[in-house]
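The values are calculated or read from the model by the stated rules, or taken from the named source; none is laboratory data. The structure displayed is predicted, hence computed values, not measured ones. Cβ sites come from the backbone with ideal geometry, for glycine too, and all protein chains shown count toward neighbours.
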Amino acid sequence: MKTIIEPFRIKMVEPIKLTTRDEREQLIRDAHHNTFLLRAEDVIIDLLTDSGTSAMSSEAWAAMMRGDESYAGARSWFRFRDTVKDIFGFEQVIPTHQGRAAEHILFGVMVKPGSFVPNNTHFDTTRGNIDFVGGNPVDLPCKEAEDLDSDFPFKGNMDTEALKNFIAEHGPDNIPVIMVTVTNNSGGGQPVSMANIREISRIAREAGIPFYIDACRFAENSHFIKCREAGYEDVATIDIAREMFSYADGCTMSAKKDSFANIGGFLCTNDSELASQERNILIMTEGFPTYGGLAGRDLEAIAVGLRETLDEHYLDYRLLSTQYVVEHLIDAGIPVMAPAGGHAVYLDARRFLPHIEPLQYPGQALSVELYLEAGIRTAEIGTVMFGLDPQTGKEQPARLDLLRLAIPRRVYTQSHMDYVLEAIQLVWDRRTAIRGMKIVKAPQFLRHFTAHFDWV
């Protein structure tokens with residue numbers, strides 16, 4: 001069958017408030033032209049993020065009713081821990097309230113001022129947490145990622161030659177950890193191959209540098225490996241995930257992505273001494289080591305979701321649904337990153353609006369226009385997010401200016417995506433009339449969340 005169907009039935013719905021163009025013009029002005037500052041009820045299709053916005057299953061809701069809310073040693077903790085250990089394979093499991101908390105703890109222990117952390121491409125909170133402790137986040141994307149139109153299957157890969165050269169230049173002692181993000185969110189949601197992960201691991205171990213995986217979309221990345229990498233066609237996705245983590249020394253995880261949970265995350269390692277230091281910070285900032293800022297019901301929901309996210313029928317639907325949108329955009333001649341990623345569609349805002357200079361934020365302008373056109377909320381992944389060096393205050397164009405349409409899991413149907421496609425086409429047809437933007441007010445770190453904008 002060619003028709004993509006949702007491999008689930010919908011048994012509860014939430015109404016969508018439909019707004020007019022005139023209403024949205026006032027609403028976006030009130031939000032200072034920042035989609036993060038909109039009220040959710042004023043959004044028709046919310047593609048701001050896939051983090052914590054997914055629909056949980058009846059099984060996950062049932063599990064929440066079984067949550068053991070004991071402060072220490074709850075049944076829910078052991079169920080959560082055992083599930084994480086079974087899939088990820090690490091001995092030490094540290095729960096946190098979400099992924100950025102895991103990053104904060106990890107970098108707070110491992111990263112010293114002036115040290116370097118290479119990654120295929122850091123996402124915003126990862127970069128922000130490294131900046132916060134005085135470290136230097138370094139992006140080493142593969143050369144194939146530069147061509148947004150090519151069909152190279154693993155554009156999320158790290159440039160391993162660049163990694164080796166970077167280690168030789170700066171020395172292993174100045175690199176406390178190497179990370180790779182799967183899938184590569186800032187790089188267009190593109191997957192990382194098993195061969196690339198294996199080579200990064202080899203390089204890290206030869207240099208004596210710990211290697212960590214940002215695992216928040218591990219299931220999608222594992223399924224991409226199954227679908228695109230030779231030799232894995234007949235391997236179960238869960239076994240691919242297990243192999244992937246076997247090459248790493250630890251991981252950070254936002255359970256708000258590939259486990260359908262509305263909150264939660266964790267930090268893993270095989271180093272018991274390091275874990276002890278991390279738990280000390282956890283107790284000070286998150287909570288006791290057997291709950292880490294989460295309720296028992298949250299731990300239960302994550303344990304169920306981690307199993308569900310590895311279901312191959314669901315993953316087929318998930319990846320094909322994103323591919324459906326990307327292929328329609330390509331057919332319409334609209335610039336979009338190809339091939340399709342897993343969790344999101346990435347419009348190339350710089351090519352969509354070539355008349356707008358990068359320092360006038362084409363991604364932000366496009367984000368505002370999509371909201372005005374159809375009430376669709378999206379997120380800029382470009383110069384607003386990555387152009388400012390918080391240590392020096394200097395700004396330069398980011399490598400890419402993308403507009404991310406992150407698709408919540410099990411929330412929207414194909415008709416919702418057809419609505420999105422129609423809206424993008426309408427904005428594309430009037431693209432030459434769209435103006436650039438300027439920042440009116442912004443904080444030092446992670447400015448995209450709260451910055452105020454206006455038209456140039």
Exercise for the section: Run down TYR212, TYR232, TYR317 and say which single residue is under 16 Å from HIS343 (Cα atoms), modelled with pLDDT of 95 or more and either surrounded by 20 or more Cβ atoms within 10 Å (Cβ to Cβ) or within 21 Å of the chain's Cα centre (by Cα) (or both). Expected result: TYR317
Exercise for the section: Show the residue pairs that are 6+ apart or on different chains and have beta-carbon atoms under 7 Å apart, the first residue being within the range 89-116 and within 17 Å of ILE178 (Cβ to Cβ) and small (Gly, Ala, Ser), the second being modelled with pLDDT of 95 or more and part of a helix (DSSP H, G or I). Expected result: SER115/ASN174
Exercise for the section: Kindly provide the set of residues from the range 58-83 that are surrounded by fewer than 18 Cβ atoms within 10 Å (Cβ to Cβ) and in a loop (DSSP other than H, G, I, E, B), ordered by number. Expected result: ARG66, ASP68, GLU69, SER70, TYR71, ALA72, GLY73
Exercise for the section: Could you please let me know if LEU299 is assigned by TED's automatic domain parsing to the domain that holds PHE78, under 17 Å from ILE87 (Cα atoms), hydrophobic (A, V, I, L, M, F, W, C) and buried (at least 17 other Cβ atoms within 10 Å of the Cβ)? Expected result: yes
Handout entry: Odd one out for ILE424, checked against (1) buried (at least 19 other Cβ atoms within 10 Å of the Cβ); (2) closer than 21 Å to ILE16 by Cβ; (3) modelled with pLDDT under 95
Key = (3)
Problem - Index of the failed condition, ASP50 passing every other in (1) surrounded by 20 or more Cβ atoms within 10 Å (Cβ to Cβ); (2) among the charged types (D, E, K, R); (3) more than 25 Å from the chain's Cα centre (by Cα); (4) assigned to a loop (DSSP other than H, G, I, E, B) - result: (3)
Exercise for the section: Go through (1) aliphatic (A, V, I, L, M); (2) surrounded by fewer than 22 Cβ atoms within 10 Å (Cβ to Cβ); (3) touching a strand residue (DSSP E or B) at 6+ places or on another chain (Cβ under 6 Å) one by one and return the number of the condition ILE94 breaks. Expected result: (2)
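Determine whether PRO153 is assigned by TED's automatic domain parsing to the domain that holds SER246, over 20 Å from the mean Cα position of the chain (by Cα) and at pLDDT 95 or above. Break it down into steps so the answer makes sense when it comes.
On the way: assigned by TED's automatic domain parsing to the domain that holds SER246: yes; over 20 Å from the mean Cα position of the chain (by Cα): no; at pLDDT 95 or above: yes.
In short, no.
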Problem - Per-region count, the range 277-286, residues surrounded by fewer than 17 Cβ atoms within 10 Å (Cβ to Cβ) and not hydrophobic (A, V, I, L, M, F, W, C) - result: 3
